[in-house]
Amino acid sequence: MEKSRTPQSRSPRRSSHAPRNRITRQLVNPDGNPVRSDDMGLADVGQRLTTLWARARGKVTTDISFAAHYAGRWYARTTTRIEEDEKARAQAAHLERHGYLVIEADDRVAEFVRTAYPQMKAAWDDQVGTWRDPPVGGTYKLFMSDVCERWPAVLDILDGTTAAMLRAYFRSHFQFSYVEPYRTFPAEGDLPKSWLWHYDAVAPGILKLMVYLNGASAETGALRVLDHDESRALERGGFRRRSDSAKYSSEFDRRQTVLEGAPGTAVIIDNRVLHKATAPERGIRDVVCFQILPSVVPTDVAKRRQPSPSYHARTPQFPFVPPLR
Ligand SMILES: O=C(O)CCC(=O)C(=O)O
């Protein structure tokens with residue numbers, strides 16, 4: 001039986017004299033209007049195809065990366081046996097439930113802040129082994145390269161309280177996909193993308209952990225976060241992408257949690273919660289940022305296997321699969 005069609009759903013009948021123009025049917029302008037063939041030169045078509053190809057490649061890379069992460073997490077959980085104490089389990093449950101957690105410095109972190117941070121601070125002040133991001137149009141983040149080579153103790157600073165919580169959270173061992181120190185400054189002009197509300201482009205459950213080397217308050221650039229429930233509420237309310245940040249700014253102001261802390265405090269978020277960097281109103285903020293994922297081998301073994309987990313300007317966006325070419 002033939003399906004009945006409403007007048008709206010019926011496609012317009014093509015006149016036998018009308019030119020068949022596939023491009024007109026497939027492409028739209030950025031404002032959503034169909035592109036007319038006489039608007040488009042060959043260069044435009046080429047440009048559009050390049051954009052579509054880049055998008056498709058990005059999507060495939062993301063999908064493969066996420067699938068690799070889920071498979072790796074499952075395998076790590078089924079092959080490791082983790083028994084952490086009640087405190088670690090309670091902290092992990094908070095991170096799972098809310099999507100963020102703050103851990104005060106334990107002795108090991110405090111020792112690093114006391115002994116290594118003054119040297120790191122001097123290197124930042126003198127701009128030794130550093131680079132700015134973005135290179136033009138702003139001077140908001142000063143990254144430092146080779147932190148694991150210059151201050152190897154950085155790889156061990158989480159070995160106390162935080163490591164126990166991380167194992168309880170992943171229910172497996174864990175590893176770093178990069179270790180990235182950077183300094184943030186008061187802003188002068190338009191802010192680049194991580195200063196708007198966003199999710200990181202990594203699989204859910206991968207953690208970002210920042211150790212505030214010199215502490216952070218609301219005025220000196222503490223990380224802002226929306227917990228799981230608030231992030232979902234903003235999505236339901238229409239937030240889709242970073243560029244929507246200004247439109248929903250009063251909602252963000254109302255719902256956000258500012259993760260403040262003394263020197264050595266670790267703030268941890270999973271990438272399913274909306275978050276944003278904030279330029280200090282005064283002073284500077286120095287952090288070491290770790291991206292953390294599950295591991296099938298103990299963390300010490302994973303550390304030794306990695307040639308250098310320090311962050312470099314070339315670090316791929318998805319550390320788990322090589323970029324597709
Ligand atoms: O530096 C911060 O406070 C957060 C950075 C951030 O969100 C990002 O780089 O994605």
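The values are calculated or read from the model by the stated rules, or taken from the named source; none is laboratory data. Remember, it's a predicted structure, so these values are computed and weren't measured experimentally. Neighbour counts are summed over all protein chains in view; Cβ atoms, including those assigned to glycine, are modelled from backbone coordinates with ideal geometry.
Points worth noting:
- Meets criteria (within 14 Å of the ligand (Cβ to nearest atom) and β-branched (Val, Ile, Thr)) for THR161: no
- Residue among LEU155, LEU207, LEU166 that is closer than 22 Å to GLN119 by Cβ and buried (at least 19 other Cβ atoms within 10 Å of the Cβ): LEU155
- Residue satisfying all of: in the range 284-307; at pLDDT below 90 and more than 23 Å from PHE66 (Cα to Cα); nearest to the ligand (Cβ to nearest atom) among these: PRO307
- With respect to the conditions (1) within 10 Å of the ligand (Cβ to nearest atom); (2) surrounded by 18 or more Cβ atoms within 10 Å (Cβ to Cβ); (3) among the small types (Gly, Ala, Ser); (4) within 21 Å of GLY58 (Cβ to Cβ), SER177 falls short on a single one, namely (1).
- Residues of the range 50-67 that are at pLDDT 90 or above and surrounded by 12 or more Cβ atoms within 10 Å (Cβ to Cβ): LEU52 alone.
- Enumeration of residues in the range 181-233 that are of a type outside the set (A, V, I, L, M, F, W, C), modelled with pLDDT under 95, assigned to a loop (DSSP other than H, G, I, E, B) and within 18 Å of GLY99 (Cα to Cα): TYR199, ASP200, PRO204, GLY205
- Scanning the range 258-283 for residues that are surrounded by fewer than 17 Cβ atoms within 10 Å (Cβ to Cβ) and either within 13 Å of the ligand (Cβ to nearest atom) or within 23 Å of PHE170 (Cα to Cα) (or both) yields a total of 2.
- Against the criterion of being away from the ligand (no atom under 16 Å from the Cβ), among the aliphatic types (A, V, I, L, M) and surrounded by 15 or more Cβ atoms within 10 Å (Cβ to Cβ), LEU223 does not qualify.
- Qualifying positions in the range 245-257 - surrounded by 14 or more Cβ atoms within 10 Å (Cβ to Cβ) and without any contact (Cβ under 8 Å) to a residue 40 or more places away in the chain: GLU251, ARG255, GLN256
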